[in-house]
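Undergrad: Provided herewith is a single structure, encoded as structure tokens, for subsequent inquiry.
Rule-based calculations on the coordinates, nothing more; no lab input. Everything quoted here is computed from the prediction, not taken from an experiment. All Cβ positions, glycine included, derive from the backbone under ideal geometry; neighbour counts span all protein chains shown.
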Amino acid sequence: MQEARVIPLQRSDRHRRVPPSPDGPAVEPVPLRPGGRPAPEVDGLRRGLADALAFARRRLTGDYPVDRFGFDPELTEALLLPPLRALYRKWFRVEVSGVENLPLEGGALIVSNHSGTLPIDSVMAAVAVHDNHPRSRYLRMLGADLVFQVPLLGALARKSGQTLACNPDAEQLLRSGELVGVWPEGFKGIGKPFSERYKLQRFGRGGFVTAALKTGVPIIPCSIVGAEEIYPKIADLKPLARLFGLPYFPVTPTFPLLGPLGAIPLPSKWHIKFGAPIPTDGYDADAQDDPMLVFNLTDQVRENIQQTLYRMLTQRGNPFLG
């Protein structure tokens, strides 16, 4: 099996899906309707089969592009997005507002709250960006080390466009015109107990602000309501967490009591709101070296998200019905 072609990062002012190869294997003729045309369902089946075989051929020959971070747009569109989209639309019934605040082109840093015991909120945000943006842009997410240490999960994360949460990678993506997503609360956010739901944890030292100042891209606050209810964390088994090398080992109303069934998230109703951009291109060239400025901008972003969460919660009805 050959390796995929690696394409250099370029300024991604236009984001297009990778089209299916026109040279897929031939398919046997099928019966035609009167008039010489195949029935729509048969014609659709033929096209689907041809596309699937062409996709398999490209996978086997390595004839597909990836960037230097391992992002594979074709695999993301064909295999990763469809199941996530079903979860997004049918299970969590996500409603999105503020899409007009996402830039049509050029880089931007999307900063969001983090919750839910498992980081499902990050991939739902990625689906929200891709499926609601007029140009179907991808959200290049910054993930913790633990994500890339899990064998299968790490490979899929790379394929879907994620990379390590470090400033050099973030800055290169932003300079190339990508939408980059960051969750500054980290494990403190997703691992907090249910009693502290929708109360933001610390945003670290403001590394995301430094990356935005260096590249001059806007910071877009993102507020997510609904993720806190999918796995209500009522306890933490710290000995098991240390045994498995995890930041926490959660106990929820369904896990570990129900075993594997406890891993099914509760079907809460989600709302995702993208706030007005906070510009960073009006500061001096060495603004990222001013710790007070970095602290103030970090606090501004955090407070923006926190107050938006409070407003969204006052407008929400039943957490599972909306």
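Undergrad: For segment 265-292, give me each residue that is charged (D, E, K, R), within 20 Å of residue 98 (Cβ to Cβ) and outside any loop (DSSP other than H, G, I, E, B).
TA: Matches in segment 265-292: 273 only.
Undergrad: Considering only residues that are exposed (fewer than 15 other Cβ atoms within 10 Å of the Cβ), within 21 Å of the chain's Cα centre (by Cα) and among the basic types (Lys, Arg), which ones fall in segment 266-322?
TA: Result: no residue meets the conditions.
Undergrad: A follow-up question, please. What residue, among those in segment 178-228 that are part of a strand (DSSP E or B) and within 13 Å of residue 301 (Cα to Cα), is nearest to the chain's Cα centre (by Cα)?
TA: 182
Undergrad: Could you list, in sequence order, all residues of segment 229-251 that are surrounded by fewer than 19 Cβ atoms within 10 Å (Cβ to Cβ), of a type in the set (A, V, I, L, M) and in a loop (DSSP other than H, G, I, E, B)?
TA: 234, 237, 246
Undergrad: Anything in segment 168-198 that is under 30 Å from residue 232 (Cβ atoms) and either of a type in the set (S, T, N, Q) or without any contact (Cβ under 8 Å) to a residue 12 or more places away in the chain (or both)? List them, or say none.
TA: Answer for segment 168-198, where residues must be under 30 Å from residue 232 (Cβ atoms) and either of a type in the set (S, T, N, Q) or without any contact (Cβ under 8 Å) to a residue 12 or more places away in the chain (or both): 195, 196.
Undergrad: So, in segment 166-217, exactly how many residues are of a type in the set (Asp, Glu), more than 15 Å from residue 108 (Cα to Cα) and buried (at least 19 other Cβ atoms within 10 Å of the Cβ)?
TA: Count: 1.
Undergrad: Which of the residues belonging to segment 252-265 are of a type in the set (Ser, Thr, Tyr) and surrounded by 18 or more Cβ atoms within 10 Å (Cβ to Cβ)?
TA: 252
Undergrad: Something else: Are there any pairs, at least 6 apart or on different chains, whose C-beta atoms fall under 7 Å, with the first in segment 296-308 and in contact (Cβ under 8 Å) with a residue 24 or more places away in the chain and the second crowded, with 20+ Cβ neighbours inside 10 Å and part of a helix (DSSP H, G or I), and if so, which?
TA: Close Cβ pairs satisfying both conditions: 297/209; 298/209.
Undergrad: Could I ask something else about it? Consider segment 206-246. How many of its residues are touching a residue at least 60 places away in the same chain (Cβ under 8 Å), closer than 17 Å to residue 142 by Cβ and of a type outside the set (Ser, Thr, Tyr)?
TA: So the count comes out to 14.
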